[in-house]
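Peer 1: Can you keep this structure in mind? I'll have questions shortly.
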Amino acid sequence: MKLTERFLRYVSCPTASCEANEACPSSEGQLALAKLLVMELQEMGAKDAHMDENGYVYAVIPANTEEKKPVIGFIAHMDTSPDCSGENIKAAVKLYEGGDLLLNEEESIFLSPKDFPSLERNIGKHLIVTDGTTLLGADDKAGIAEIMEMADTLLHSDRPHGEIRVAFTPDEEIGRGADLFDVQKFGCDFAYTADGGTLGELEYENFNAASAAVTVYGTNIHPGSAKDKMKNAMTMAMEFNALLPADQVPEKTEGYEGFFHLVGMEGCVETATLHYIIRDHDMEKFEEKKRVFHEAGKTLCQKYGEGTFITVSTDSYYNMKKQILPHMEIIRLAEKAMEEAGVTPVTVPIRGGTDGARLSFMGLPCPNLCTGGENYHGRFEYIPVEDMERCAEILLNIACGA
Ligand SMILES: [Zn+2]
């Protein structure tokens, strides 16, 4: 029950990040949670627990053995997604006995296995849910609670372990979590983010990612006398989009399949811009997709005139697999830790990025571990207490297993 109380305490601090705020952290709530975590770490006896000037929390759990062991890090993020309300969260623990689970009597909101089949494997467990009007914030407060529980256990048990370091980061959900992370100071041989979902998930492959845009320059003229003179930038932009492979979009791809995703468009007759994100796990296919994108612009320039289509692309992050492959022992360690906890590890490719991916490229190999939560970033987010406990046990097994 201690872990659940801990989790609910963190959930009660609203910490949605805010894209529009350039400060770090981007919201006051994150600072309040950071201060609470530092205080708790100090109280449990962690060494050097502190928050830096950017709101990152760091702490050390000293080794309790003379044996030479690697320094292992555990990382979770303090913010919650701004995509769904995270204010005034009314979390509740409910025994799930199958069928529809009532979340909110007044508004008659139910959590149903028809919408969320993951419920089927959680019959008989205690689910932590919301009242159906806000997110829960298990992403990533479950990760924080599990790491804190592990730290507390390590500091009060004789189970031998090497030096363990923990860090809690701000603003992961708005893509800034790794920006000001001090890898040097953290001083770990390798680390894990506890920021995944379903129990058993172990992730070390993510997308290669780029943002891209095409700006189209047309020519406006009175529509009454436009014949053979007008170039409508907006219809030209649609022509550009039609040159991209129609089946390589998020709504038609899964697993290792990459995509072009149109995320925004604005325009008038004179000028139009289309914004895209480009994703692929495979580096060669990723490069090919960017080539296809720029090629589409060149092809249409031949039709409409030089300079009518300007394409740009910027790489955002890369697949961490390349950085993890030389250190597969850290994946084996996590798999062994899961098996010891009675959990079957499942390696899944992430169809997105993680802070760990960026940290891996900053020199800290950093795969991602499950936290047990489901339906992230939405009102139907939930986490089974039993799975959360199992995840904390996995962290403990990793800490003591190297
Ligand atoms: Zn997360």
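Peer 1: Please work out the FRET efficiency for the pair TYR256 and ASP315, using the Cβ-Cβ distance as r and a Förster radius of 25 Å; give the result to the nearest 0.05.
Peer 2: Rounded to the nearest 0.05, the efficiency is 0.85.
Peer 1: Mind ordering 69-80, 89-100 by average Cβ neighbours within 10 Å, highest first?
Peer 2: Top of the packing list down: 69-80, 89-100.
Peer 1: So what is the relative contact order for the range 208-317, in percent, with contacts set as C-alpha pairs under 8 Å and at least six apart?
Peer 2: 40
Peer 1: Please get the size of the charge dipole for the range 233-363, origin at its Cα centre, with Cβ charges of +1 on Lys and Arg and -1 on Asp and Glu, quoted in debye to the nearest 20.
Peer 2: Around 180 debye, computed over the range 233-363.
Peer 1: Under unit Cβ charges (Lys, Arg +1; Asp, Glu -1), what dipole magnitude, rounded to 20 debye, does the range 96-171 have relative to its Cα centre?
Peer 2: 340
Peer 1: Where nothing but the Cβ of Lys and Arg (+1) and of Asp and Glu (-1) is charged, how large is the charge dipole of the chain around its Cα centre, in debye to the nearest 20?
Peer 2: So the magnitude is around 980 debye.
Peer 1: Hey, another quick one. Multiply the residue gap between THR344 and GLU270 by 0.36 nm, knock off their C-alpha separation, and tell me the result in nm, one decimal place.
Peer 2: Extending this stretch completely gives an extra 20.9 nm.
Peer 1: Over 25 Å, how big is the tail of the calculated P(r) for the chain, in percent of all Cα pairs?
Peer 2: Tail of the P(r) past 25 Å holds 61 percent of the pairs.
Peer 1: Which order do peptides 384-391, 283-290 fall in by mean Cβ count within 10 Å, highest first?
Peer 2: Result, highest mean Cβ count within 10 Å first: 384-391, 283-290.
Peer 1: Counting each DSSP H run of 4 or more residues in the chain as -39500 (n - 2.57), what helix-only mean residue ellipticity at 222 nm follows after dividing by all residues, to the nearest 500 deg cm²/dmol?
Peer 2: -9500 deg cm²/dmol
Peer 1: Determine, for each peptide in 187-197, 204-214, 292-302, 232-242, the mean count of other beta carbons within 10 angstrom over its residues, then list the peptides with the highest first.
Peer 2: 187-197, 204-214, 232-242, 292-302
Peer 1: Work through the residues other than MET78 whose Cβ is under 9 Å from its Cβ and net out their charges, Lys, Arg +1 and Asp, Glu -1.
Peer 2: My count for the surroundings of MET78 gives -3.
Peer 1: Within 10 Å, Cβ to Cβ, of LEU103, how many net charges do the neighbouring residues add up to if Lys/Arg are +1 and Asp/Glu are -1?
Peer 2: -1
Peer 1: Rounded to the nearest 5, what % of DSSP beta bridges with both residues in the range 208-317 are antiparallel?
Peer 2: About 100 percent, rounded to the nearest 5.
Peer 1: Another one. Could you compute the net charge surrounding HIS161? Neighbours are other residues with a C-beta less than 11 Å from the C-beta of HIS161; K and R count +1, D and E count -1.
Peer 2: -1
Only the coordinates and a few stated rules stand behind these numbers; no lab work does. If you're wondering where the values come from, they're calculated on a predicted model, not measured in any experiment. For neighbour counting, all protein chains shown are included, and Cβ atoms are generated from backbone atoms with ideal geometry for every residue, glycine included.
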